[in-house]
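A short worksheet on the structure shown next.
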Amino acid sequence: MDIKWHEDAGPHMKINETKGVTYLTFPALETLPGILHGFSTRLGGVSEGIYSSMNLSFTRGDREEAVQENFRRISGALGFSPEDIVASSQTHTANVRVMTEADKGNGVTRPGIYKDVDGMITNVPGVILATFYADCVPLYFVDPVRMAVGLSHSGWRGTVGKIGAETVKRMGEVYGSKPEDIYGAIGPSICRECYEVSWDVILEFQKVFEEKDWENLYYRKENGKYQLNLWEANRRIMEDAGILPEHISLPGICTCCNPEFLFSHRASKGKRGNLGAFLGIAEARR
């Protein structure tokens with residue numbers, strides 16, 4: 001399978017295959033001891049048809065037993081179990097919740113109870129945060145000094161709400177994390193060339209970003225529509241929150257440019273499954 005990479009986006013994410021499951025990782029996060037992370041692809045699951053094959057959504061019409069098996073497979077490849085995962089109901093907010101041992105399994109092996117939560121943080125080893133995607137932006141945060149992590153879902157509304165900055169703020173309030181210690185990563189999502197939006201969306205971005213940044217965030221086309229750069233917007237948010245530029249990783253890969261490798265809502269016109277982002281602190285080996 002030919003993968004289309006964005007050469008100007010810095011070091012690419014790394015493609016891995018373990019136990020027949022293909023997933024992506026960030027080289028920068030792999031250097032941090034005790035951190036488990038990954039991002040699923042469409043490859044290595046058991047779902048069929050438009051969900052083929054590693055669909056991680058229980059709500060899009062796929063067979064529940066297939067999704068459960070997919071979670072078992074991706075968890076096994078990344079080094080944890082489905083019972084360790086905590087997920088929430090994503091509704092494009094900027095709300096961030098603290099997750100603990102008691103939250104394990106929520107939304108995956110037991111019914112989800114958290115509504116309107118798009119960001120999660122934890123410092124508990126063995127708790128694996130998970131968020132789900134098919135074009136929106138995954139945001140990873142790792143503080144290797146305080147050993148705390150955050151994972152947030154950022155569509156255009158979450159980006160306008162600056163959920164990335166809110167996640168950094170909450171990690172500071174709860175765990176004492178300093179922004180300059182945090183490593184941030186922007187996961188696979190839709191690129192500027194694929195993300196056409198209308199003026200009403202651009203207007204919302206103009207309200208929260210300085211005018212000097214506008215030319216890097218979007219451009220207007222002859223048809224009156226705009227191409228919006230969510231990668232750059234979230235990179236700017238991370239920097240403005242105090243994360244060092246050298247601590248920020250970009251994905252280098254677009255979901256919409258690679259619809260056979262990654263689920264894309266736009267490319268599939270809504271006929272698709274979900275990808276998963278995972279992040280946690282490994283439990284100490286006994």
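Which is charged (D, E, K, R) and closer than 21 Å to I182 by Cβ, of R110, R97?
The unique qualifying residue is R97.
Filtering the range 22-43 down to residues that are β-branched (V, I, T) and touching a strand residue (DSSP E or B) at 6+ places or on another chain (Cβ under 8 Å), which residue is nearest to V86 (Cα to Cα)?
Across the range 22-43, the extreme among qualifying residues is I35.
Using beta carbons and a limit of 8 Å, which pairs, at least six apart or on different chains, have the first residue in the range 48-72 and open to solvent by 60 Å² or more (accessible area, probe 1.4 Å) and the second one of a type in the set (A, V, I, L, M)?
Final answer for the pair search is E48/A66; F58/V67.
How many residues are among the polar types (S, T, N, Q), assigned to a loop (DSSP other than H, G, I, E, B) and under 14 Å from F278 (Cα atoms) if we restrict to the range 5-54?
Final tally of qualifying residues: 1.
If you go through the range 210-243, how many residues are part of a loop (DSSP other than H, G, I, E, B), in contact with a helix residue (DSSP H, G or I) (Cβ under 6 Å, 6 or more places away or on another chain) and over 16 Å from E196 (Cα atoms)?
So the count comes out to 3.
Just to be sure before I move on: is S75 touching a helix residue (DSSP H, G or I) at 6+ places or on another chain (Cβ under 7 Å) and outside any loop (DSSP other than H, G, I, E, B) in the structure I sent?
Yes: the conditions hold for S75.
Of all residues in the range 93-107, how many are open to solvent by 20 Å² or more (accessible area, probe 1.4 Å) and either of a type in the set (A, V, I, L, M) or on the phi < 0 side of the Ramachandran plot (or both)?
Within the range 93-107, residues that are open to solvent by 20 Å² or more (accessible area, probe 1.4 Å) and either of a type in the set (A, V, I, L, M) or on the phi < 0 side of the Ramachandran plot (or both) number 10.
Against the conditions (1) open to solvent by 20 Å² or more (accessible area, probe 1.4 Å); (2) modelled with pLDDT of 95 or more; (3) not in a strand (DSSP E or B), where does D2 fall short? Just the number, please.
(2)
In the range 78-92, how many are surrounded by fewer than 20 Cβ atoms within 10 Å (Cβ to Cβ) and either over 19 Å from G45 (Cα atoms) or of a type in the set (G, A, S) (or both)?
5
List, please: which pairs have Cβ atoms under 7 Å, are six or more places apart or on different chains, and start with a residue in the range 257-286 that is more than 15 Å from G187 (Cβ to Cβ) and open to solvent by 20 Å² or more (accessible area, probe 1.4 Å) and end with one that is modelled with pLDDT under 95 and among the hydrophobic types (A, V, I, L, M, F, W, C)?
E260/M1
Restricting to the range 261-286, give me the number of residues that are outside any loop (DSSP other than H, G, I, E, B), of a type in the set (A, V, I, L, M) and more than 14 Å from the chain's Cα centre (by Cα).
Total meeting the criteria: 2.
The values are calculated or read from the model by the stated rules, or taken from the named source; none is laboratory data. This one's a predicted model, so the numbers in the text were calculated from it and none came from an experiment. Here the Cβ is made from the backbone with ideal geometry for all residues, glycine too, and neighbour counts use every protein chain on show. Protein only, heavy atoms only, side chains kept; ligands, DNA and RNA dropped before computing areas. Shrake-Rupley method; radii C 1.70, N 1.55, O 1.52, S 1.80 Å.
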